[in-house]
1. Might you let me know whether segment 225-243 holds any residue that is open to solvent by less than 40 Å² (accessible area, probe 1.4 Å), modelled with pLDDT of 80 or more and out of contact with any Leu (no Cβ under 8 Å at 6 or more places or on another chain)?
2. State which residue is nearest to residue 472 (Cα to Cα) when the search covers only segment 98-111 and only residues that are surrounded by fewer than 24 Cβ atoms within 10 Å (Cβ to Cβ) and touching a Phe, Trp or Tyr at 6+ places or on another chain (Cβ under 8 Å).
3. Filter segment 186-198 down to the residues that are closer than 11 Å to residue 49 by Cα, assigned to a loop (DSSP other than H, G, I, E, B) and open to solvent by less than 20 Å² (accessible area, probe 1.4 Å) and list them by number.
4. Suppose we filter segment 173-190 for residues that are at pLDDT 85 or above, under 16 Å from residue 268 (Cβ atoms) and not polar (S, T, N, Q); how many remain?
5. Does residue 24 meet the test of being at pLDDT below 90 and outside any helix (DSSP H, G or I)?
6. May I ask you to list the residues in segment 138-172 that are among the β-branched types (Val, Ile, Thr), open to solvent by less than 40 Å² (accessible area, probe 1.4 Å) and modelled with pLDDT of 80 or more?
7. Considering only segment 249-352, give the helices (runs of 4 or more DSSP H) lying wholly within it that have at least 1 residues that are open to solvent by 60 Å² or more (accessible area, probe 1.4 Å) and modelled with pLDDT under 80.
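The values are calculated or read from the model by the stated rules, or taken from the named source; none is laboratory data. All values reported here derive from a predicted model rather than from experimental measurement. When we count neighbours, we look across all protein chains shown, and the Cβ atoms used for this are built from the backbone with ideal geometry, even at glycine. Heavy atoms of the whole protein, side chains included, go into the accessibility calculation; ligands, DNA and RNA do not. Shrake-Rupley method; radii C 1.70, N 1.55, O 1.52, S 1.80 Å.
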Amino acid sequence: MTTKPVTPHQEPHLERQLTNRHIQLIAIGGAIGTGLFMGSGKTISAAGPSVIFVYMIIGFMLFFVMRAMGELLLSNLNYKSFSDFAADLLGPWAGFFTGWTYWFCWVITGIADVIAIAGYSKELWPGLPLWIPGLATVAILLLLNLVTVKAFGETEFWFALIKIIAIAALIIVGMFMIFTGFQSDAGPATFTNLWSHGGMFPNEFMGFVAGFQIAVFAFVGIELVGTTAAEAKDPEKNLPKAINSIPIRVLLFYVGALIILMSVTPWTQFQAGHSPFIAMFSLAGLGAAATVVNLVVLSSAMSSANSGIYSTSRMVYGLAQEGDAPSVFRGLSRRKVPQNALFLSCVLLLSGVILMYAGQDIGKAFEMVTTVSAVCFVFVWSIILASYLAFRRRRPQLHEGSKYRMPGGVPMVWVVFAFFAFVLWALTTQPDTLLALLVTPVWFLVLGAAWLILRRRPAHLARYATFKSELAQDLETEASAIGRDFDGALNDGVNK
């Protein structure tokens, strides 16, 4: 696999400054959402102990999406993100729809994060005006991202580490409570709590389905490692390591934490809107649990907003490179950072500060908006799989030469598609998520109208032609290398 050197006549490219340490923690941060800390109470109350299987199944299915993404990104190191291989393999419309949909998902999620940060700050510092933490968050993250991509990597490293330490502390404290026979008003802490209160499926099949409806949103951002492809050092080594460890992370951080929570306290005690983490630490006699968990959730929301600023700026930069976004976003700073795209992301996040003063129903409005965002993420994941099918059909020689093939291949893609259809059906079973599902097509209608205007413009066609030419050059180099390896192996066999 080769990457072309930048000559003085070429546009500046993103630099590969993210090390293995950064990539691993960015992948962990993407796999652990704020929903685990605050949203798991609602998930447990809906599904009971069967939520353990819910998280395992979702993690299992999304692992194959990530493996497909990994094989595609490593098949051509000129791909900056998954919108690039979508444009190359499915057509320019796919790159346009994927890039802007992913951008939309993270902008909405980032605005919600800014509001969440302001809310949690108010819990820690009562009387603090909401606009101060909101504005401070955007300013801090902008400055960190403007420096270098390595500064983003360092910031995300420490944010992810805080989440890991919090979950590890929960598991250790919970294990101690279980093995010492801890007693509370709800009864003893014991693993039998998992099945002694109505069994593993106390709310039957529809309760199990409700768990999927909520839990799938906790995995939003798991694909974030794919947007680091253009800035990762030694991607052929670091991206596979990050993707391969996803099942272990899901088992430890989601399944492990939930097993401990429901063993210490029966699932019947959990309520939507209340953090199970705060409840368990309070049971353990840690009076500062609320403050500690609020700080953890604050850092988790900061991590998500940081990821949103990073991913939206890189996606807009990539779209501008292909002529799908205004050319002003194609420029890089002297530090090889897409600063204009960063400014755009931060200006849009500032709208969260304005929305905090829009009324008391803003919380409900944002629940629906973030649900729309999560549905759009399912669309992005589906495009990744559709790109893989096109890759297998159109580039069989690259698949054969790949050192990082997706396990299960084409049949597994259709299994995951069937799972996504099940998730969409699950979203129709509750009024709030059904409304969000019905609203989502409006976004695609807007994109479709924009695409009809854009696709015939000469500047767009010229940029896309250049994009395809650059990819074709790398494909020729790769095919020649595979051919030489094949001929070498054949000659060795003849000589023997």
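1. yes
2. Applying the first criterion (surrounded by fewer than 24 Cβ atoms within 10 Å (Cβ to Cβ)) to segment 98-111 yields 100-101, 104, 107-108.
Among the residues that remain, those that are also touching a Phe, Trp or Tyr at 6+ places or on another chain (Cβ under 8 Å) are: 101, 104.
Working: 101: 26, 104: 30 Å.
Here the residue is 101.
3. none
4. Qualifying residue count for the region: 2.
5. Working: at pLDDT below 90: yes; outside any helix (DSSP H, G or I): no.
It is false that residue 24 is at pLDDT below 90 and outside any helix (DSSP H, G or I).
6. So the first thing to find is which residues in segment 138-172 are among the β-branched types (Val, Ile, Thr), and the list is 138, 140, 147-149, 155, 162, 164-165, 167, 171-172.
Applying the additional criterion that residues be open to solvent by less than 40 Å² (accessible area, probe 1.4 Å) yields 138, 148-149, 155, 164, 167, 171.
Those that are among the β-branched types (Val, Ile, Thr), open to solvent by less than 40 Å² (accessible area, probe 1.4 Å) and modelled with pLDDT of 80 or more: 138, 164, 167, 171.
7. Values: elements: 257-264, 276-283, 289-321.
Once the helices (runs of 4 or more DSSP H) in segment 249-352 are filtered for at least 1 residues that are open to solvent by 60 Å² or more (accessible area, probe 1.4 Å) and modelled with pLDDT under 80, what remains is 276-283, 289-321.
The rows are residues; the columns are (1) among the polar types (S, T, N, Q); (2) touching a Gly at 6+ places or on another chain (Cβ under 8 Å).
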site: 50; (1), (2): yes, yes
site: 64; (1), (2): no, yes
site: 80; (1), (2): no, yes
site: 84; (1), (2): no, yes
site: 123; (1), (2): no, no
site: 134; (1), (2): no, yes
